[in-house]
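Notes follow once the structure below has been shown.
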Amino acid sequence: MGFFVRDLHKQITEMYKQQSNQQKPMTIYRGQVVSSDEFDKLRKSKGGLISFNYFLSTSTNIDISKQFARSSPENKLNPVLFEIYIDPKISSVPFASIDSISVFEGENEILFSMHTIFRIVKVQDIQDEYLLVNLHLTDENDPALMKLTDHFRKEIGDGDSLE
């Protein structure tokens, strides 16, 4: 499994290098369902940081993302729509448009590498349909992110497990 993760991270990084000069700032979306605990934490986290500890699939198409947010038959799960602002010029986080290699046509998919960190800018309920969470992709020079990174380096060491 580790080889797959490393290889996918490298592919995203290569695609990012190829695409970053062509990309402009944009807004992308991710719809998903979360537990009630996670839902409540998101509501209270404005201004904080959030990390997705997996490869993050997003779309430029809000309607597709809304479908994913509403896709759970379980009443215990809550729909969330993440609206994510990214600016390739200020970010060093690898992400890439994978339309040309995706199995799912028309999803306009953008894939982020693991452990991407975002700042929670705004959280709002949208007419009892879903929770809308506005995120901005963090820059490695973000003061809160630098403080958090320094803390983790002291706690667990300074290795890069994906390289």
Legend entry - Lysine pair count for the chain [Cα-Cα under 21 Å; pairs on different chains or 8 or more apart]: 13
Inset, instruction - Would you grab the residues whose amide H sits under 5 Å from the one on LEU49? Only those 5+ places off in sequence or on another chain, please, with H modelled 1.01 Å from N. - result: ILE120
Inset, instruction - Calculate for the chain the 222 nm mean residue ellipticity that helices alone would give, adding -39,500 (n - 2.57) per DSSP H run of length 4 or more and normalising by residue count, nearest 500 deg cm²/dmol. - result: -9000 deg cm²/dmol
Legend entry - Extension gain (nm, one decimal) between SER72 and ARG43, 0.36 nm per residue minus Cα-Cα: 8.5 nm
Legend entry - Selected from ASP128, ASP40, ASP142 as most flexible by GNM, with the chain as the system and alpha-carbon contacts under 10 Å: ASP128
Inset, instruction - Extending each Cα 7 Å along its Cβ direction at GLN124 and SER92, get the distance between those two points in nm, one decimal. - result: 3.4
Inset, instruction - Under 1.5 on a/c is rounded, so check that first for the chain, then, if it is not, pick prolate when a/b is larger than b/c and oblate when it is not; a ≥ b ≥ c are the square roots of the alpha carbon gyration tensor eigenvalues. - result: oblate
Legend entry - Whole-angstrom gap from region 88-137 to region 21-36, using each part's C-alpha centre: 2
Legend entry - Length-normalised contact order for region 2-156 - Cα pairs under 8 Å, 6+ apart - percent: 29
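The numbers here are math on the coordinates, done by the rules we state, and not lab data. Remember, it's a predicted structure, so these values are computed and weren't measured experimentally. Don't worry about glycine lacking a Cβ; one is built from the backbone with ideal geometry, like all the others, and counts go over all protein chains shown.
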